[in-house]
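What follows is calculated from the coordinates using simple rules that are stated; it is not laboratory data. From a predicted model like this one, the values you see are computed outputs, not experimental measurements. FYI the Cβ positions are ideal-geometry reconstructions off the backbone, even for glycines, and counts take in every protein chain you see.
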Amino acid sequence: MRSNRALAVTATAALALSLGMAASSAAQPEANTRQSAPEVDSSYALVRLASEPLATNPRTAPAKGKKIGFANQSVKAERDRIRAEQAAFKDWLRVNAPQARVTKQFDVAVNAVGVQLNGTSLSTVRSAPGVTYAELQGVFTPLAHEDPDLELVDAFEGWTAVGGAAEAGKGVKVAIIDSGIDVTHPCFDDTGYPAVTPIGDAKYTNNKVIVSRTYGNKVAKNGFDGRDLNGHGTHVAGTVACNPHTTAVVDSTVIPYAPSGVAPAATLGSYNVFPGTAGSARSEDILEAMQDAYVDGFDVANMSLGGARNDGGGAFLLDNAVDNLDKANMVVAVAAGNEGPGYWTVHYPGAAPRALTAGASTVGHALVNTVTVAGTDYDVVVGDFGKLTEDITAPLAVAKDAASGHPLGLSLACNGSPLPDLTGKIAVIGRNVCTFQEKIDNVTAAGAVAAIVVNREDALLTMAGDQTGVVSVMVTKSDGAQIMEHDGQDATINANMLYKSIPEATNRMASFSSQGPTHGDLLIKPDVVAPGADVLSAQPAWACGTPPCWAIFGGTSMATPHLAGIAAVVRGDHPTWSAAEVRSAVVNTAKQGVLRDALTNLVTNDALKVGAGLADTDAAVASQVALDPVSVSFGAIASGSGRSVSKSVVLTNTSSTSISVDVAITNNPAAGVSYSVSGGAASLAAGASTTVTVTATSAKGAADDFYQAQLDVSVGGTVISHGMLFTIVGSGVAAPGQHQVPPGLS
């Protein structure tokens, strides 16, 4: 069914969607057994003092099987002594860290106090007399089944900060410039929303989706209307603003959490630039939709679309439109594109300087089937060929070809590849060289009843096809090696689909996620990253046998609505902020040191891949300082020139109180280019701004390369915002020739 099948679209649409554990044909995530770091609240600490607590103090510890006798005089005396020790610590804070405040006191299990730091460093607290240990407080939540992608961007903490799900995005309008929205889906149930007068085609609106407009010169001729006949727009809209905790079932598989949009209280507008069977749109259609959305009073626009710049073509105007709407206070979130991995691959208009441009990372879950061999179940992803409607049991036939280049020596089943007689058998073949459809056509012709395609690496992906041929599934290389040992034995491909949580696959950059710098102006893009591989969201009612329908899709298209949703939450909590301030809040408070490279699986802060990091809803809502621009590119410096280039960054206090800010350069390159900043320290009243100057200086012997660093903004010694810095030295790293693709879905 549609929920676990890739969408078939034309190449010009640039729609690179992947499903299940899918990713592009480049390197896939491999297993990683590292545990993610626990969440912490950097504004609060727990501080342990020297004396033993009542539970372990020999004078107060209870006898076996008993409780502490709090009425006992010796216990009372010990409590008084501990309280005196804690009072002495409080006195020390008043003198040495007056902004810090004790919030809680403990004496039974631990002798400790809770401290609200208010800008005091942890090292200062640790230096107090009698302190034996201090740590930032962890953040713990009930182990409820919540959206895993929303957890990754701290959406639930952001909701708490603004007053709960019912307030997250309330009063904010988000335009979905896409393929339409199916308003009959429970994600968009308008119960409780105030009555409004719809704009456009009222048949496809309600009090949550308040606009339905359709674009394109063939709308009237082809009878196109506001319906979503693609599924892309409904999926995107669900990620932005699906009603909170909406029950989801995919192909009879109950999802063990209830999905929500990032900004569940926001209202939506459907601006359908890909109506009916239109897989692409012209610049004028997109420009018209952008303008209409602004005139209709929308605060945020989501554009999960893109195309490479055509020299002299309409992408320049799309860039200008994005920038100007941002200046006019509509945030425009745009997909970076699905041409990664590789530098210079960001699409337009995601390359616009003032676009909120999204890169994509992975979500650690999947919908999988299994194949049972010799009593062992192996996870598989079903490809887009024959439908798996019932279990298939047959003998395995391992097709070998030592010359194929496959790491396990399997036949690739391409035209001309050796294949044995596969009549009545499940073929085991390798992935490489030719299309999946060619492979499946060949094993079908050889008599196979099904096929197992073994990947070249330990990852799964959905195999795209044209829905013809035998049922075909993919397994990882490691699992394939074990399955091959049972050549000739019966295997069963199981029709029942399973939901699996895969924590170790979380927070890896999606291999398809496009990377900067941008052509021409050499900007850092994407700006920031959000979950975009394996995102569950809504689908139109036609997309499954028993609506409401859901599907897992992948693409920077799926990352972009996370950013649009975060922008809506921020805008709702800070309605007087400019679009640039909202955009900075989303970008410059991102989490660093958590995203892993698509190819190496190592943690990376490469700004051309991850921008400022992984978006953080809670931190964005709490942002105090806006940076303009959100990142700084110093362009290209000629080899051996020893030239310096300076750029200005405006810092604005967006909080309601006066703050003292300081700035510093971190992660300066060891050689080649050195970054410096002047005009940093400043006391800013609420709403006030200051300008700092950042300079990139190239050494005369600097090698041709990319050089990056980071501008940190601190309040009270704590870094609260950061902007990425980038310079190119030489011409040896110049952009390759550009790819000419008209704007389409990405």
### Query
Can you give the extra length, in nm with one decimal, that the chain gains between N217 and T435 once fully stretched, where that is 0.36 nm per residue apart less the Cα-Cα distance?
75.0 nm
#### Entry: Nearest 10 degrees, 0 to 90: helix 579-588 Cα axis against the chain principal axis
90
### Task
Quote the Stokes-Einstein diffusion coefficient, in whole µm² s⁻¹, for segment 40-138, based on the Kirkwood radius over alpha carbon pairs, a temperature of 20 °C and a viscosity of 1.002 mPa s.
153
### Added length on full extension, which subtracts the Cα-Cα distance from 0.36 nm per residue, D421 to A664
80.6 nm
### Message
If I fit a long axis through the Cα atoms of helix 315-327 and take the longest principal axis of the Cα atoms of the chain, what angle between them do I get, 0 to 90°, rounded to 10?
### Response
30
### Query
Which of Q592, P503, V610 sits farthest toward the positive end of the charge dipole of segment 502-643, with +1 on the Cβ of Lys and Arg and -1 on the Cβ of Asp and Glu?
V610
### Task
Compute the acute angle (0 to 90°) between the alpha-carbon long axis of helix 73-96 and the principal axis of greatest extent of the alpha-carbon atoms of the chain; round to the nearest 10°.
90
### Query
In debye, nearest 20: dipole of the chain around its Cα centre with unit charges on the Cβ of K, R (+) and D, E (-)?
1720
### Task
Label segment 160-238 by shape, choosing from rounded, prolate and oblate, from the square roots a ≥ b ≥ c of the eigenvalues of the Cα gyration tensor; if a/c is under 1.5 it is rounded, and otherwise prolate applies when a/b is larger than b/c, oblate when it is not.
prolate
### Summary
Note on the chain: contact order normalised by length, alpha-carbon pairs under 8 Å, 6 or more apart, percent, works out to 17
### Query
Where a ≥ b ≥ c are the square roots of the eigenvalues of the C-alpha gyration tensor, would you call segment 140-279 rounded, which needs a/c under 1.5, or, failing that, prolate if a/b is larger than b/c, or oblate?
prolate
### Query
Cα centroids of segment 610-658 and segment 317-338: how far apart, whole angstrom?
18
### Message
Testing the spin-label approximation: label points 7 Å from Cα along Cα→Cβ at A88 and S678. State their distance in nm.
### Response
5.0
### Mean-position separation - Cα centroids, segment 557-595 and segment 447-521, in angstrom
33
### Query
So how far apart, in nm, are the two label points at T160 and S689 if each is 7 Å from Cα heading toward Cβ?
3.5
### Task
Report the Stokes-Einstein translational diffusion coefficient (µm² s⁻¹, integer) for segment 446-598, Rh taken as the Kirkwood radius over Cα pairs, at 37 °C with viscosity 0.692 mPa s.
168
### Message
Give me the dipole magnitude in Debye, nearest 20, for segment 53-93 about the Cα centre, with unit charges on the beta carbon: positive for Lys and Arg, negative for Asp and Glu.
### Response
260
## Note on the structure
Here the convex hull volume per residue of segment 624-729, taken over Cα atoms and given in Å³, is 74
### Task
From the C-alpha gyration tensor of the chain, pull out the three semi-axes of the equivalent ellipsoid (sqrt of 5λ each), sorted largest to smallest, in whole Å.
45, 34, 28
### Inter-label distance for T124 and D201, nm, one decimal - labels placed 7 Å from Cα along Cα-to-Cβ
6.1
### Estimated FRET transfer efficiency (A61, T389; beta-carbon r; R0 56 Å; 0.05)
0.30
#### Entry: Net charge, N496 excluded, C-beta distance under 12 Å - Lys, Arg +1, Asp, Glu -1
-4
### Query
Working from the pairwise distances between different alpha carbons, so that the mean of 1/r is found and then inverted, what is segment 365-501's Kirkwood radius in Å?
14.3
### Message
On a full-extension model of 0.36 nm per residue, what is the gain between A328 and S478, subtracting their alpha-carbon distance, rounded to one decimal in nm?
### Response
48.6 nm
### Task
Could you estimate the translational diffusion coefficient of segment 273-421 from the Stokes-Einstein equation, with Rh from the Kirkwood formula over C-alpha pairs, at 4 °C and 1.567 mPa s, in whole µm²/s?
65
### Message
Let's see if you can work this out: charge +1 on each Lys and Arg Cβ, -1 on each Asp and Glu Cβ, no other charges. What is the dipole magnitude of segment 562-687 about its Cα centre, in debye to the nearest 20?
### Response
280
### Summary
Taking only Cα atoms of segment 336-394, the Rg to Rh ratio with Kirkwood Rh works out at 1.24
